[in-house]
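Inspection log for the structure reproduced underneath, given as C-alpha cells.
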Amino acid sequence: MRRFDLIVLSGATGAVGSYLLRRFLEDSSARIVCVLRAPSSYERLVRELVPDARQRIEPLFADLRVADEVDAAVVRCSGGTRCLAIHCAADVSWTKSKAVLAPINIDGTKHFAKLALALSRERPAFALLSTAYADTTSNIYRNSYEETKAEAERMLRRDHADALDLCVFRASLVVGARESGWIGRFNGLYPLIRLVALAEVPCIIGNASSRIDLVPVDWLADELLAAVGRLPAGGRGLEVVAAAGASAPRLGEIMAIVQERSRAFLGREGRSPNPPVSLIGARQYDFLMKASRQWGLREQFYHLDRIRDVMYGYITYATNIRELRPANVTTEAPAAHSFLPNVVDYWLAANSAKVLQARQPAWLGWQSAAQ
Ligand SMILES: NC(=O)c1ccc[n+]([C@@H]2O[C@H](COP(=O)([O-])OP(=O)(O)OC[C@H]3O[C@@H](n4cnc5c(N)ncnc54)[C@H](OP(=O)(O)O)[C@@H]3O)[C@@H](O)[C@H]2O)c1
C-alpha cells in the first residue's frame, strides 16, 4: 500500500466498499477520495465514522453513469503520483433488466477507469470488483447482472489494459467479517437469511446438498490488497477468483445455522422460536404449484415464487456441479462454520426490532386452517 499516494474508491457506501474504506482508513496514509453519487450518500457514509476518519475522506460527487458528471468531477479533484482505483460501484440486482444495469455496470466502469487515469500521473493500479458466478468462457448468464459484469471485465481488458495495471477481482457471495459479522449492507445471501430467520415462507426451494459459495468480507479485503500488491504491469493483468470452491457450505448447513442462531436469539429474549423452514426440491415445488392452483391457494405461494426467482440461479449452479474454482488467492477461504454463526448473529442484532416483532407467519395460519 505504500506504493500509492492516492486511493480512489467507488461504491464506498455499499457492502464491499464500506469495508474496504474502513480498512484503508486504518492501514493506509494515502489520500482517500470516495466517488459518491450524491451528497446524501456522503451523509450516510460519514454518519457511522469517527470524526478523524470523516476528515480523511475527500468526497467527489458524480453519478458514474453520466460521462459529463465524471469529467466535471475530475476537474474538481487534484490528482496524485500513483493512484490505486478500486471500483465497487454497481447495481447488484439479480432481477433487473440489462437496459437498467448496463449504464452503471458497464458505462460506469468505463467512466471510472477514465477518472483513475486522469487522477494519476504514473500508471494507476485498477481493481474491478466482479462476480465469480459470471461464466465468461461460455457467455451463458443466468441474469443481466452477471452479463453486464462480464461485459465490463471484457471492456476493461480490451480498452484499458495498456494504460492500467488491472486486477479483475471476482468474488462469490460476500458476507460479514469473520469475528464481528459486520457488513455495511445486506446483499447476496442475506435475503435468504431473513426468510429463514423470520420464517417468512414455509419452505425454500433447493437441495440440502447444494453448495452456496460464501466469503467473509475481511478475507476478501485481505486477498484484494494482496492481489493489488503483486499486480503485473500491462498484459491481461491479474484475475483473482475469491471463492471457497469445494469447501463451500451446503444449503442445508447454512439453513441449520440460521435456524439455530435465531432460536438462540429469540430464546435470550424470552420468545419462542419461529417454526422451522423446510427445504423442498424443485420437482416437489412444481407439483405443489400445480396443486395450489387447483386448490385456489395460488396467493399463498407468492413469496415462494419470489425466493425461487432470486435464489434459483445460484442453487442451480450448485446442483449442476459447476463448482467455483478459487484462483490466484494467497490463502484458502475460511470454513463457513467458523464465521457464519457470527454473520447471522450480526444480522439478527441489526434487525432485532423486526425479529422480535411478535407475530405468527401468515403461512402458518393457512397451514393450520388447511390441516
Ligand atoms: N455483495 C456481494 O455478495 C458481491 C459478490 C461478488 C461481487 N460483488 C461485487 O462487488 C461490488 C460491490 O458490491 P456490493 O454488494 O458492495 O454492492 P452494493 O452494496 O449494492 O453497493 C453498490 C455501491 O455502488 C454505488 N452506486 C450505485 N450506482 C451508482 C452510480 N450511478 N454512481 C455512483 N455510485 C453508484 C452505491 O451508492 P449508493 O449508496 O449511493 O446507492 C453503493 O455504494 C460490485 O461490483 C459487485 O458486483 C459483490
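The values are calculated or read from the model by the stated rules, or taken from the named source; none is laboratory data. Small disclaimer: the values here were computed from a predicted structure and weren't measured. With ideal geometry, Cβ positions are generated from the backbone for all residues, glycine too; neighbour counts draw on all protein chains shown.
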List the residue pairs whose Cβ atoms are under 8 Å apart, where the first residue sits in the stretch 8-20 and is more than 6 Å from the ligand (Cβ to nearest atom), the second is charged (D, E, K, R) and at pLDDT 95 or above, and the two are 6 or more positions apart or on different chains.
Ser18/Arg185; Tyr19/Asp218
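Residues to consider are Leu84, Leu119; find the one that is crowded, with 23+ Cβ neighbours inside 10 Å, over 14 Å from Lys149 (Cβ atoms) and more than 14 Å from the ligand (Cβ to nearest atom). Before the answer, list the steps.
Numbers: Leu119 fails: crowded, with 23+ Cβ neighbours inside 10 Å.
Leu84 is the lone residue from the list that is crowded, with 23+ Cβ neighbours inside 10 Å, over 14 Å from Lys149 (Cβ atoms) and more than 14 Å from the ligand (Cβ to nearest atom).
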Pairs needed: first member in the stretch 189-202, closer than 12 Å to Val344 by Cα and buried (at least 23 other Cβ atoms within 10 Å of the Cβ); second member anywhere, at pLDDT 90 or above and of a type in the set (Gly, Ala, Ser); C-beta distance under 7 Å; at least 6 residues apart or different chains.
Ala197/Ser262
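In this structure, is Gly11 closer than 29 Å to Ser172 by Cα and of a type outside the set (S, T, N, Q)?
On the way: closer than 29 Å to Ser172 by Cα: yes; of a type outside the set (S, T, N, Q): yes.
It is true that Gly11 is closer than 29 Å to Ser172 by Cα and of a type outside the set (S, T, N, Q).
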Anything in the stretch 29-43 that is more than 7 Å from the ligand (Cβ to nearest atom) and among the small types (Gly, Ala, Ser)? List them, or say none.
Ser29, Ala30, Ser40
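Residues of the stretch 102-116 being among the small types (Gly, Ala, Ser) and more than 9 Å from the ligand (Cβ to nearest atom), which ones?
So the first thing to find is which residues in the stretch 102-116 are among the small types (Gly, Ala, Ser), and the list is 102, 108, 113, 116.
Across the stretch 102-116, the qualifying residues are Ala102, Ala113, Ala116.
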(1) at pLDDT below 95; (2) buried (at least 20 other Cβ atoms within 10 Å of the Cβ): which one isn't true of Arg47, the others all being true?
(2)
How many of the residues in the stretch 73-89 are closer than 19 Å to Phe169 by Cα and either out of contact with any Asp or Glu (no Cβ under 9 Å at 6 or more places or on another chain) or among the aliphatic types (A, V, I, L, M) (or both)?
6
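Condition check: away from the ligand (no atom under 15 Å from the Cβ), over 19 Å from the mean Cα position of the chain (by Cα) and over 26 Å from Thr81 (Cβ atoms). Does Val46 satisfy that? Break it down stepwise before answering.
Numbers: away from the ligand (no atom under 15 Å from the Cβ): no; over 19 Å from the mean Cα position of the chain (by Cα): yes; over 26 Å from Thr81 (Cβ atoms): yes.
No; evaluated as a whole, the condition is false for this residue.
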Scanning the stretch 119-158 residue by residue, those within 20 Å of Leu225 (Cα to Cα) and without any contact (Cβ under 8 Å) to a residue 40 or more places away in the chain turn out to be Glu153
If we keep only residues of the stretch 122-151 that are away from the ligand (no atom under 14 Å from the Cβ) and surrounded by 18 or more Cβ atoms within 10 Å (Cβ to Cβ), then the residue farthest from Glu223 (Cα to Cα) is Pro124
The one condition Val92 fails out of (1) part of a loop (DSSP other than H, G, I, E, B); (2) more than 26 Å from Phe169 (Cα to Cα); (3) near the ligand (Cβ under 9 Å from one of its atoms) is (2)
I need the full set of residues from the stretch 335-370 which are at pLDDT 95 or above and in contact with a Pro (Cβ under 6 Å, 6 or more places away or on another chain), in order please.
Ala336, Phe339
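Look through Glu26, Glu69, Glu58 and report the one residue that is within 13 Å of the ligand (Cβ to nearest atom) and without any contact (Cβ under 8 Å) to a residue 60 or more places away in the chain.
Working: Glu26 fails: within 13 Å of the ligand (Cβ to nearest atom); Glu58 fails: within 13 Å of the ligand (Cβ to nearest atom).
Going through Glu26, Glu69, Glu58 in turn, the sole match is Glu69.
Of all the residues that make up the stretch 152-162, how many are among the hydrophobic types (A, V, I, L, M, F, W, C), under 18 Å from Leu84 (Cβ atoms) and surrounded by 16 or more Cβ atoms within 10 Å (Cβ to Cβ)? Write out each step before concluding.
Taking the stretch 152-162 as the starting set, the residues that turn out to be among the hydrophobic types (A, V, I, L, M, F, W, C) are 152, 155-156, 161.
Those still in the list that are under 18 Å from Leu84 (Cβ atoms) too: 156, 161.
After this cut, where a residue has to be surrounded by 16 or more Cβ atoms within 10 Å (Cβ to Cβ) as well, the list is 156.
Of the residues in the stretch 152-162, 1 are among the hydrophobic types (A, V, I, L, M, F, W, C), under 18 Å from Leu84 (Cβ atoms) and surrounded by 16 or more Cβ atoms within 10 Å (Cβ to Cβ).
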So Val174 fits all but one of (1) within 12 Å of the ligand (Cβ to nearest atom); (2) buried (at least 17 other Cβ atoms within 10 Å of the Cβ); (3) more than 19 Å from Ile212 (Cα to Cα); what number is the exception?
(3)
Out of Val33, Val8, Val46, report the one residue that is under 15 Å from Cys77 (Cβ atoms) and out of contact with any Ser or Thr (no Cβ under 9 Å at 6 or more places or on another chain).
Val33
